[in-house]
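For reference, the structure discussed in these notes is given below.
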């Protein structure tokens, strides 16, 4: 495992994979439970929160060139408080990574392998992530650049191919719910979008820094259209209320695909795509956790931290939410405050406001 250098394109695609991988697990049903047929509106509105997060983290990076989020926290807040917030962000990376592993294990356990213990899935994917990160950032970032195409094609196929079951009248009436409820639901969807702040740990590894804002915004907007497409398709097929009652509407859509009795059981393609996406998302959070711990404690090398933090991340996932109801309750009621309204947007925004009164270190354009 070594820092390496990646391109702006590779970072944008890595962030795309990170944002898209688990939001389709949960957002269609969680959003539909709140606003029924208007759920797709909240997915588009949530894009605004993601764009704000992207702009703030890039603005911070431009004021502190060559430094990660963990490294410039002491410059903004002072060393003692900066180290404390650095430790909090490391914990956030670890905890969100543990949630992602648990989400993935529950998805496989419920949909295709109900008799397999969730621990088997968690141990397996953590072993794969540990092996990938040992190869260095450049290796798995390049592999993600290639395999993201598979993930996107699978998701677009699931959105489009159940067309013969769709009834667009189920999307009516549009914007039937109060604006306040639509905004609060968009905060839930926006919490996944705020994971774009992981870019703050990768920006110093970029070989070029010219168009990072544009690329991250494109990634966030693209995710917004994908999630909205999933939710439009789910509501058009099942209806607003039934979508909220299903455990995984996206998987249910895939199971309904049948083209001229040849292309059936395409949910297998979806599972492979989600496996790839989740794998790279866990890699991103584990990388940020490992690098973050090294920078909080001032270690010059961080390779030796990979194994113990992999074990810690696995232990946290094994001892987290024991069932889907508990996980769903957390995502519905706690996740927006724990993600977008704190670590994902509010804290970075406050950091930027404080940094405005600090000496500026301008980035040198290549």
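The values are calculated or read from the model by the stated rules, or taken from the named source; none is laboratory data. In this text the structure is predicted, and so the values were computed from the model without any measurement. When we count neighbours, we look across all protein chains shown, and the Cβ atoms used for this are built from the backbone with ideal geometry, even at glycine.
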Restricting to segment 159-173, count the residues that are modelled with pLDDT of 90 or more, part of a helix (DSSP H, G or I) and surrounded by 14 or more Cβ atoms within 10 Å (Cβ to Cβ). 3
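If the requirement is being under 15 Å from the mean Cα position of the chain (by Cα) and crowded, with 21+ Cβ neighbours inside 10 Å, which of these qualifies: 233, 252, 194, 186?
None of the others qualify; the one that does is 194.
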In segment 295-328, the residues that are within 17 Å of residue 134 (Cα to Cα), surrounded by 17 or more Cβ atoms within 10 Å (Cβ to Cβ) and over 23 Å from the mean Cα position of the chain (by Cα): 302, 305
Some residue of segment 335-356 being assigned to a loop (DSSP other than H, G, I, E, B), farther than 22 Å from residue 50 by Cβ and either more than 17 Å from the chain's Cα centre (by Cα) or modelled with pLDDT under 90 (or both): yes
Out of the residues in segment 122-149 that are out of contact with any helix residue (DSSP H, G or I) (no Cβ under 9 Å at 6 or more places or on another chain) and part of a helix (DSSP H, G or I), which is nearest to residue 304 (Cα to Cα)? 131
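What about residue 331, is it part of a helix (DSSP H, G or I) and surrounded by fewer than 22 Cβ atoms within 10 Å (Cβ to Cβ)?
Against the criterion (part of a helix (DSSP H, G or I) and surrounded by fewer than 22 Cβ atoms within 10 Å (Cβ to Cβ)), residue 331 does not qualify.
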